[in-house]
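These notes concern the structure reproduced below.
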Amino acid sequence: MKIETQCLHAGYEPGNGETRVLPIYQSTTYKYDSTEHVGKLFDLTADGHMYSRISNPTVAAVEQKIAALEGGVGALCTTSGQAASLISLLNIVNAGDHFITASTIYGGTVNLFAVTLKRLGIECTFVDADADEEDLQKAFRPNTKAVFGETIANPAIAVLDIEKFARLAHRNGVPLIIDNTFATPVLCRPIEFGADIVIHSTTKYMDGHAIQVGGVIVDSGNFDWTNGKFPGLCEPDASYHGIVYTKQFGKAAYITKARVQLMRDFGAYPSAQDAFLLNLGLETLSVRMERHCANADAVAHFLAKSDKIEFVNYPTLDGNPYRALAQKYLPRGASGVISFSIKGGRERAIKFMDALELASIVVHVADIRTCVLHPASSTHRQLTDEQLVGAGITPGMIRLSVGLEHIDDILADIQRGLSALD
Ligand SMILES: *Cc1c(COP(=O)(O)O)cnc(C)c1O
């Protein structure tokens with residue numbers, strides 16, 4: 001099936017006379033015919049649902065759909081994108097271990113990696129993703145266990161060279177984890193370029209309507225966990241009287257461990273209701289992404305022509321440093337998120353934003369409705385102007401998430417903002 005068809009049909013196949021639409025299994029528990037069967041479930045030797053902190057039929061259908069969209073062997077839904085990042089790493093990284101991440105990643109992920117994981121004894125090195133392989137190699141240590149990056153990163157709208165990162169990770173015997181939130185599998189399937197694990201904040205385009213917070217982890221099934229660096233996957237798990245994940249689950253070892261061990265213990269599993277809402281978003285994902293990309297491309301070119309704009313970050317623009325990478329990794333479009341800077345700094349940017357009528361000011365991106373955010377006065381408010389520049393954010397920078405409205409109405413609104421600067 002092509003991705004457009006998978007969005008609608010993967011994960012749920014009703015039998016004769018069954019509900020056409022994925023049902024909401026609003027149940028915490030499941031009934032069994034024998035205690036013997038329950039014993040097998042707890043030994044992980046029988047398939048089936050045990051308890052809705054670990055799995056649920058509605059959520060499972062959405063997991064199978066997303067696994068199909070990304071081309072993985074399995075997926076695990078989580079209650080947020082943050083929980084997906086956390087669990088994707090804790091599944092293979094322990095206290096005393098180290099991992100490497102591209103420095104251009106989501107701000108919430110920076111906090112998680114630099115502050116909270118550090119408190120748990122896990123160290124992270126932030127690297128310039130655009131550096132050459134020799135320089136990047138220097139960041140690896142004997143205890144490095146993973147490499148992390150985002151397909152399209154905020155606020156520079158930087159495109160990651162996924163194949164370069166995969167080569168480096170694999171040469172050092174560790175997996176590459178890619179946060180594919182902004183691209184979605186409609187625009188890029190990182191597993192095809194060597195990523196081993198793909199995660200998402202499903203809160204963004206996958207949902208698209210701003211109605212549920214969620215995340216997902218997808219396992220490619222391609223990484224060999226038996227190279228000596230990942231005992232948690234290859235040695236007996238005492239919490240399941242000695243099962244060995246790589247022996248019992250083969251290609252699905254990583255994603256099975258994440259579910260039956262970490263999800264069991266951390267309890268960050270979404271409700272059936274939220275999975276149902278996410279599925280509605282997924283059904284139209286491919287159609288929406290096409291329009292987001294077309295609208296954003298038009299807005300980026302419109303902004304680039306204005307003499308009130310200092311710069312526009314969008315990979316399809318002439319002269320953008322990520323243009324070649326976008327042509328390779330994002331041939332269908334570069335998503336709906338643009339950042340640009342108004343000449344004259346903070347006050348002029350605020351004046352522009354306050355004049356907008358269609359675009360709403362929200363702390364969110366990747367919504368069907370056009371929205372804007374001024375990082376310097378919101379998400380990065382605590383930083384001085386000098387610190388902002390260090391973080392790649394100018395005082396006049398605006399992040400624009402282009403929605404699905406008619407392009408004429410979006411451009412008219414932007415013109416309204418620009419005219420307020422006269
Ligand atoms: C929003 C976001 C996250 C965090 O997701 P939540 O669902 O808000 O927890 C992670 N990565 C990226 C790229 C994001 O945009």
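The values are calculated or read from the model by the stated rules, or taken from the named source; none is laboratory data. In this text the structure is predicted, and so the values were computed from the model without any measurement. Every residue, glycine as well, gets a Cβ built from its backbone with ideal geometry; the counts of neighbours run over all protein chains shown. The accessibility values were calculated without ligands, DNA or RNA, using every heavy atom of the protein model including side chains. Shrake-Rupley method; radii C 1.70, N 1.55, O 1.52, S 1.80 Å.
Some observations on this one:
- Net charge, THR151 excluded, C-beta distance under 15 Å - Lys, Arg +1, Asp, Glu -1: -3
- Difference of contour (0.36 nm per residue) and Cα-Cα distance, ASP354 to ASP33: 109.3 nm
- Acute angle (nearest 10 degrees) that the helix 57-70 long axis makes with the longest principal axis of the chain, alpha-carbon atoms: 60 degrees
- Cβ-Cβ distance of PHE126 and GLU347, R₀ of 51 Å, FRET efficiency by 1/(1 + (r/R0)^6): the value works out to about 0.95.
- The residues of region 150-281 have, on average, 31 Å² of accessible surface per residue, using a 1.4 Å probe with all protein chains present.
- Calculated Rg and Dmax of region 42-191 using C-alpha coordinates, Å: 16.3, 48
- Each residue was assigned an accessible area with a 1.4 Å probe, and for VAL365 the value is about 10 Å².
- Pairs beyond 19 Å (Cα-Cα), from LYS118/LYS257; LYS31/LYS65; LYS308/LYS351: LYS118/LYS257; LYS31/LYS65
- Note: relative contact order over the chain, using C-alpha pairs below 8 Å and six or more positions apart, is 16 percent.
- Within region 203-241: backbone nitrogen closer than 20 Å to the ASP43 label point (7 Å, Cα to C-beta): 235-241
- Gain upon complete extension [GLU290, GLU4; 0.36 nm per residue less C-alpha separation]: 101.9 nm
- Solvent exposure ordering (accessible area, 1.4 Å, most first) of PHE193, PHE230: PHE193, PHE230
- With the simple model of a label 7 Å out from the Cα in the direction of the Cβ, GLU405 to LYS328 spans 3.7 nm.
- Rounded FRET efficiency, nearest 0.05, which uses the C-beta distance separating ARG381 from LYS118 and R0 of 25 Å: 0.60
- Built amide H within the under 5 Å cut-off of ILE309, gap 5+: LYS343
- Reduced Cα scattering model of region 3-280, Debye log10 I(q)/I(0), q = 0.14 Å⁻¹: -0.99
- Formal net charge of residues neighbouring TYR25 (Cβ-Cβ distance under 15 Å; K, R +1; D, E -1): -1
- 3J(HN,Hα) along region 303-315, derived from phi through the Karplus expression 6.51 cos²θ - 1.76 cosθ + 1.60 where θ = phi - 60°, amounts to 5, 4, 7, 7, 7, 8, 9, 6, 7, 10, 9, 7, x Hz, with x in place of Gly and Pro.
- Taking a Cβ cut-off of under 15 Å around LEU278, the surrounding Lys, Arg, Asp and Glu residues balance to a net charge of -3, with basic ones at +1 and acidic ones at -1.
- With every protein chain in place, region 3-280: carbon and sulfur % of accessible area (1.4 Å): 53 percent
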